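All of the numbers you see were taken from the coordinates with simple rules; none came from a lab. Remember, it's a predicted structure, so these values are computed and weren't measured experimentally. FYI the Cβ positions are ideal-geometry reconstructions off the backbone, even for glycines, and counts take in every protein chain you see.
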Amino acid sequence: MSINHSFTGRGDTRQQVFIRRRIEAVAGLLALGIALLAIRAVDLQWLQSQTLTDKAEKQRYRQYTAVAPRGTITDSHGRILAESIEVPSIAAMADEISPDSIGELAAALQMPETSLRRKLHGRKGFVWLARQVTPAMADAVARLNIDGVRQETEWRRYHPLGPETGHLLGFVGIDGHGLEGLERTLDARLSGEPGIRQVRRDARGHSLPGGIWLRDPVPGQDIRLTIDASIQSIAYAALADGIRKQHAKGGSVVIMRPDGAVLAMASWPGYNPNNFREYRPSQWRNRAITDVFEPGSTLKPFTVAAALMSGRWQPDSKIFCENGAMQVADHVIHDDHSEGWLDIAGLLAKSSNIGAAKLALDIGVDPMYRMLHDIGFGQRSHIGLSGESPGIVLPMERWGPVETANIAFGQGIAVTPLQLATAFSVLANGGLHVQPRLIETPDIGEKQSSRRIMPKSVARHIVNMLEYATSAEGTGSKAVPAGYRVAGKTGTAQKPDRYGSYNSDKFTAVFAGIAPADNPQLVIAVVIDEPQKSIYGGQVAAPVFRNIAANVLPYLGIAATSEREQPWHTMRIADNADPVPGHSTTGLSLREVRRLASRMGLHLKVHGSGWVRRQQPASLNGLEAGDMLEVWLDD
Amino acid sequence: MRWPLTTWLFVPLLLGGFAAAQVWLSHVRYELSQQTQRLNAEKQALALEVSKLNLEVASLTRPERLREIAQRRLHMAPPRPLQVVHP
C-alpha cells in the first residue's frame with residue numbers, strides 16, 4: 001500500500017510540476033506579450049510619436065494658399081491703368097503624356113510640334129507647356145482630355161491704355177513681380193502676400209468649421225496716380241504727331257500742375273507693356289526721366305532770374321548784344337540773329353546767347369550755380385521711378401568764363417524733361433519749388449514740401465517776359481493756342497557726340513512753357529530728339545505744345561478768351577482814350593517809361609531815344625499786365 | 001430626502017437629449033461651414049468677374065479708342081480754336 005501510495009504521490013507531484021510549468025510558460029508568454037506591447041507602446045507613443053502625429057494631422061488637416069491679387073493702379077479719376085486678372089496656364093506631368101497625343105496637343109496650343117516635343121523630352125514630373133493663355137486655348141486643350149495635361153490658374157497684369165502708359169507704368173514679369181516703371185518701384189506695395197489657411201477635413205474630404213489662418217493674407221495695395229488718362233492720351237498723340245511730321249528720332253512730354261502733380265508723362269517711340277517681350281529693352285526706357293539733353297535757350301529764363309535776384313540788373317535794364325558775336329577767352333559766342341541793344345524781355349524774346357552770357361559773366365558763378373541747383377538741375381527728383389538720371393551740372397570749381405557763358409544759354413549742362421518741367425513750375429508757382437509727384441494715394445506719397453527759390457516779383461517778371469517771347473515778335477509764337485495766353489521759351493541745342501564735341505547735324509528741339517500765363521494751370525515741357533525737317537524749338541516743339549495746350553485747357557475747364565479779338569474791347573479802349581497827363585507816357589524819359597512798363601507788367605516796344613513823343617495805345621487806361629505798349633521817342 | 005425612481009429615469013433621457021442636440025448642432029455647423037465655403041468661392045468668383053469687367057470697361061473707354069471712333073466712324077472733329085469758350 002505504501003509502495004502504491006508512494007507511487008501515486010510521485011505521480012501527483014509530477015502532475016503538479018507539469019501544471020505549474022504550463023502556468024509559468026503561459027505567464028511567461030503573457031509577460032512577454034505585455035512586454036512587447038509595452039515596447040510597442042513606447043515605440044508608438046514616444047519614439048515614433050512625432051512622425052505618426054504628423055501623419056494623422058496630414059490626414060485630418062489641409063492647408064491651402066489664399067492668393068493676394070496685385071493691387072490696381074488707377075489715374076486721378078479712378079480710371080484703371082493696370083489690373084490683374086486670373087488666366088489659365090497649361091502644364092503637364094511630362095512622363096504621363098502619351099507620345100501619340102503630342103501632335104494634337106501642339107495644335108491646340110498653337111505651337112510647333114517639335115518645340116513641344118523638346119519641352120517634354122527627357123523630363124519627368126511637372127512642366128509648364130504654355131503660360132497665361134487665352135480662355136479659348138485653355139478650353140481647346142481641355143476638350144482633348146489628354147492624360148497628364150492639367151490646367152492651372154495664374155495672375156496676369158493688363159494695362160488697358162497700352163503704349164500710352166507703357167513707359168510710365170512699366171510691366172510685370174511672369175512671376176507677378178514688377179520689372180520696369182512704377183510696377184517695379186511700387187512692387188512691394190502692389191504685390192501683397194499670400195495667406196495660408198488650415199482647415200480640418202471629414203472622412204469624405206469636406207472642410208469642417210474652425211479653420212485657422214497660419215499666415216494672414218496681405219492684399220496688394222491699390223494705388224492712385226496723379227496722372228490723368230485723358231491728358232496722357234492727348235500728350236502721347238500730340239507727341240507722336242509732332243515726331244511723325246518732323247521725321248524725328250524720338251521725344252518726350254511732361255505735363256505738370258504747378259503744385260507738382262504730374263498729369264502726363266509720355267515718351268516716343270512707345271511700346272506695348274502687354275506684350276513687352278516683342279520690343280527691345282532700349283525701347284522700354286522712360287525718356288522723360290532717363291534721357292538727358294542740353295536745354296539750350298530754355299535755360300535763359302533762369303539766367304535772367306539769377307541776374308534779377310542779384311540786384312545788379314532790373315527788368316528794364318538794357319544790354320548790348322555785340323551785334324551777333326562776342327569773344328569769351330578763346331571762344332567766340334554767336335547769336336542766330338545779330339542784335340544790338342536789347343532789354344531783358346527782348347533778350348528772352350530774341351533768345352540772345354550773348355545777352356544771357358553777359359548776364360551770367362556779370363553776376364558770377366555762385367548765383368548762377370545756386371539757381372540751377374535750387375531749381376533741381378543736377379539731382380534726381382525722387383519721383384518714384386527707377387532709372388532716373390540726375391542730369392549733368394559741372395561742379396562749381398570747373399566753371400571758367402567759357403563754361404559760365406555757355407551754361408547761361410543752356411550748353412554744357414544736361415537735364416531731363418522732368419527736371420525742365422519742374423524748373424518751369426517754379427516760375428508758375430511764383431518762385432516756389434515743389435517736388436514733382438506721381439502718386440496721389442495719401443499714405444504712400446511723401447509729404448509735399450515747397451521752398452522759395454526766387455521772390456514772387458522776379459517770377460512774375462520772368463513769366464511776363466516769357467509771354468512776350470511767345471508773342472509775334474518772339475521765337476515761341478507757334479506755341480500759343482487761340483484764345484489763351486502762354487508764357488514759354490524755345491530751345492534748340494546741338495547734340496554732343498561721343499568725342500565731346502557737337503554734332504553739326506543732330507539737334508534737340510525744346511519748348512517749355514506755362515499756360516495760361518495769367519493764371520498758370522499747366523506746365524508743359526516738350527523735347528523732340530533729332531528732328532529732320534526743321535531743327536528749331538519754335539518750329540518743332542512749340543506746335544506740339546500748342547496742340548497739347550489747345551486740347552487740355554478746355555478739358556480742364558479753362559475757358560478761352562476772345563477779348564482781344566472782339567470789336568467791343570477796341571471800343572472800350574477808344575472810349576477811354578484820355579490825353580490827360582498821368583494816363584500817358586508823353587514827355588517821360590526812356591528810363592522812366594521802362595520803369596512804368598515794368599511796374600505794370602507791360603511789354604514795351606521802343607522806337608528812338610530821348611523822350612516819349614507818342615505812344616500806342618493812346619491811353620494807359622485799360623492796359624493790363626502782358627499787354628503791349630509801343631512808344632516813339634525823339635531827342 | 002430620496003428621489004423617486006421616475007426622477008432618476010429622466011437623467012438618461014436628459015443625457016440622451018443633450019447628446020442628440022450636440023449631434024444636431026454639429027450637423028448645423030457642418031452645413032453652415034459648407035454654405036460659407038460655397039459663398040466664399042462665389043464671392044471670389046464675383047470679384048474676379050468684376051476685375052475682368054472693370055478691365056473691359058477701361059479698355060473700351062480708353063481715350064485713344066474713343067478718339068478713333070469719334071473721328072473715323074462718327075466723323076466728328078476736335079473743336080476749332082475758340083469754339084469752346086465755356087467748357
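Inter-chain neighbour count for A:155-162: the average number of beta-carbon atoms from partner chains within 10 Å of each residue's beta-carbon is 4. Taking 17 Å as the straight-line reach from the Cα of A:LYS358, the aspartates and glutamates in range (excluding those fewer than 8 positions away in the same chain) are A:ASP316, A:GLU322, A:ASP330, A:ASP335, A:ASP336, A:GLU339, A:ASP343, A:ASP366, A:GLU403.
Computed from Cα positions, the angle between helix A:2-42 and the longest principal axis of chain A comes to roughly 10 degrees.
Model label points for A:GLU397 and A:TYR502, set 7 angstrom from Cα along the Cα-to-Cβ axis, are 2.9 nm apart.
Its DSSP H runs of at least 4 residues, each contributing -39,500 (n - 2.57), put the calculated 222 nm mean residue ellipticity of the protein assembly as shown at -13000 deg cm²/dmol, to the nearest 500.
Calculated FRET efficiency, A:GLN50 and A:HIS373, Cβ-Cβ r, R0 51 Å, to nearest 0.05?
On the way: r = 66 Å, r/R0 = 1.30.
That gives a FRET efficiency of 0.15.
Using a 10 Å cut-off on Cβ atoms, rank the peptides A:171-184, A:519-532 from the highest mean neighbour count down.
Details: A:171-184: 19.7, A:519-532: 24.1.
So the order, starting with the most tightly packed, is A:519-532, A:171-184.
Each label was represented as a point 7 Å from its Cα along the Cα-to-Cβ direction; for A:LEU29 and A:MET93 these points are 4.8 nm apart. Note on A:SER310/A:ALA625: beta-carbon distance plugged into 1/(1 + (r/R0)^6) with R0 of 30 Å gives a FRET efficiency of 0.80. Averaged over the residues of B:55-61, the number of partner chain Cβ atoms lying within 10 Å of the residue Cβ comes to 6. In chain B, the longest principal axis of the Cα atoms and the axis of helix B:5-60 are about 10 degrees apart. When you restrict to C-alpha pairs under 8 Å that are six or more residues apart and normalise by the size of chain A, the relative contact order lands at 11 percent. Per the Kirkwood treatment, what hydrodynamic radius in Å, one decimal, follows for the range B:16-72 from the mean inverse distance over all distinct Cα pairs? One over the average 1/r among Cα pairs gives 15.3 Å for the range B:16-72. Largest first and in whole Å, the equivalent-ellipsoid semi-axes of the range A:491-563 read 31, 11, 9, each the square root of five times a Cα gyration tensor eigenvalue.
Would you mind pulling out the separation of the Cα centroids of the range A:258-299 and the range A:391-438, in Å? About 19 Å separates the Cα centre of the range A:258-299 from the one of the range A:391-438.
Rg over Rh for chain A works out to 1.33, using Cα positions for both radii and the Kirkwood form for Rh.
Determine, for A:LEU588, A:LEU438, B:LEU48, A:LEU168, the number of other Cβ atoms within 10 Å of each Cβ, and report the residues in order from fewest to most.
B:LEU48, A:LEU588, A:LEU438, A:LEU168
Calculated on the alpha-carbon coordinates, the convex hull of the range A:456-502 measures out at 112 cubic angstrom per residue.
Taking amide H atoms as placed 1.01 Å from N in the peptide plane, the amide H of A:SER386 lies under 5 Å from those of A:GLY181, A:THR185, each 5 or more residues away in sequence or on another chain. Inter-label distance, A:GLN110 to A:ARG150: 2.6 nm, where each label sits 7 Å from its Cα along the C-beta direction.
Among A:THR72, B:THR36, what is the fewest-to-most ranking by other Cβ atoms within 10 Å?
Neighbour counts put them in this order, fewest first: B:THR36, A:THR72.
Just need log10 I(q)/I(0) for the range A:312-400 at q = 0.15, 0.18 Å⁻¹, Debye formula, equal scatterers on the alpha-carbon atoms, no solvent, rounded to two decimals. Treating every Cα as an identical point scatterer, log10 I(q)/I(0) equals -0.70, -0.90.
Taking N as the number of residues in the range A:69-191, what is its Cα Rg relative to 2.2 N^0.38 Å?
On the way: Rg = 17.5 Å, N = 123, 2.2 N^0.38 = 13.7 Å.
The range A:69-191 yields a ratio of 1.27.
Taking the C-alpha atoms only, the angle from helix A:456-469 to the longest principal axis of chain A is near 70 degrees.
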